[in-house]
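Have a look at the structure below, then the notes.
What follows is calculated from the coordinates using simple rules that are stated; it is not laboratory data. Note that the coordinates shown come from a computational prediction; the quantities given were computed from them, not determined experimentally. Positions of Cβ are generated from backbone atoms using ideal geometry, with glycine treated the same way; all protein chains shown enter the neighbour counts.
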Amino acid sequence: MEVAFDRYTIYDFSDEAIILELCGKVRNLRRSCCISQTELAQKSGVSIASIKRIEAGTITDLNVGTLIKILRACGNLEGMADLVPDVPESPFLIDQKTGKTRKYCPSSYKSFTSIE
């Protein structure tokens, strides 16, 4: 079975293609939980019509709130932790919080606006 995208190739896909892949994952998740669409709708509080549209891939925009409800109902909410990765704070923001001012700028941060 071919993987539609991974962390290295995902930028090659349109938003619609990514949503379609997520819809397929929702369908596979429900099936792996051995519950029907009706049961998922009842457990998640998402309408049966929405569940059917998601699994059929006929939606154009997958609501994050809906995805959270479905993942919670399937006992797979930890999947949301990887949705937006943690990134370290920039040195500039740390300096703003502490009130410090930079006395130098590392060469990697210098701009090339002036040419001598």
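Each label was represented as a point 7 Å from its Cα along the Cα-to-Cβ direction; for S36 and D82 these points are 3.2 nm apart.
Placing dummy labels 7 Å off each Cα toward the beta-carbon, the span from A49 to I10 is 3.1 nm. The slack in the chain from T58 to R27, taken as 0.36 nm per residue of separation less the alpha-carbon distance, amounts to 9.9 nm. As a rough footprinting exposure proxy, the listed residues V87, V64 were ranked by other beta carbons within 10 Å of their own, and the order from fewest upward is V87, V64. Projected onto their three principal axes, the Cα atoms of the stretch 10-82 cover extents of 35, 26, 21 Å, largest first. The HN-Hα couplings worked out from phi for the stretch 70-83 by the Karplus form 6.51 cos²θ - 1.76 cosθ + 1.60 (θ = phi - 60°) are 5, 4, 5, 5, 8, x, 10, 5, 4, x, 6, 4, 8, 5 Hz, whole numbers, x standing for Gly and Pro. 3J(HN,Hα) couplings calculated from phi for the stretch 33-44 with the Karplus curve 6.51 cos²θ - 1.76 cosθ + 1.60 (θ = phi - 60°) are, in sequence order, 7, 6, 10, 7, 4, 5, 5, 4, 4, 5, 5, 8 Hz; Gly and Pro show x. By the beta-carbon count within 10 Å of each Cβ, the least crowded to most crowded order of I35, I51, fewest first, is I35, I51.
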